[in-house]
Structure formats: structure tokens, C-alpha cells
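Notes for the one structure printed next.
No value in this document is a laboratory result; all are computed from the given coordinates. Keep in mind it's a predicted model, so treat the numbers as computed, not measured. Reconstructed Cβ throughout: ideal geometry from the backbone, glycine too, with neighbour counts over all protein chains shown.
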Amino acid sequence: MSDDKITTPDSSNIASFAYAPARSAFIVEFKDKAGNIMATWEYEKVPPQVFAEAKQAESIGRFVRMRIIGYYEGREIK
């Protein structure tokens, strides 16, 4: 994760998200219902303005589903 990691305790499925500007990567930590990290995904070539919008989103889970997944190439990172 980057220094811009944002934890999301109110989200039911996202533990945190971050942006790595050097790689234009949007990074998401997905969690289970118990709050355990299930997977971390990195989405490539995401413009910084999308990260700025994510920080203002009412629901980060909805934002990721509607604006990230399926729009940017992603891969699970270990």
C-alpha cells in the first residue's frame, strides 16, 4: 500500500484502498464479513482523479464495483 492508504471500517467488503502514483495503481484490500483481509487487488492505469473521487464516495464498495472493476485491468497481489 502507499502512504495514501485509507481504511474503511464502515464498508462491509472493503478494508482499505490506496493509490500508488508512481505506478498509477489503485489498490484495494477486500475483507470478509468478520473483517479479515481476504484479498488485495491492484488495478492498473487508474488516473489520480479517480482516486480523488473514491475518497469522496458515499460508498467505497459501490464506487469500486461501478468505477474500477471491469474498467481497469486488475490482478490479485500477494
Item to check | Taking the convex hull of Cα positions in the chain, its mean projected area over all directions (nm²) | outcome: 4.7 nm²
Item to check | Amide H partners (placed H, <5 Å) of Y72, local residues excluded | outcome: none
Checklist outcome for this item: Per the rule of 0.36 nm per residue minus the C-alpha distance, extending A22 to R67 adds in nm 14.1 nm
Next on the checklist: What does the net charge come to around Q49 if you take all other residues with beta carbon closer than 12 Å to its beta carbon, with K and R at +1 and D and E at -1?
Outcome noted: +1
Item to check | Amide N of segment 59-78 lying under 18 Å from the label point, which is placed 7 angstrom from the Cα of T7 along Cα→Cβ | outcome: 60-61
Checklist entry - Each residue of segment 34-44 in order: what ³J(HN,Hα) in whole Hz does its phi give by Karplus 6.51 cos²θ - 1.76 cosθ + 1.60, θ = phi - 60°, with x for Gly and Pro? => result 7, x, 7, 5, 9, 6, 10, 10, 10, 10, 8
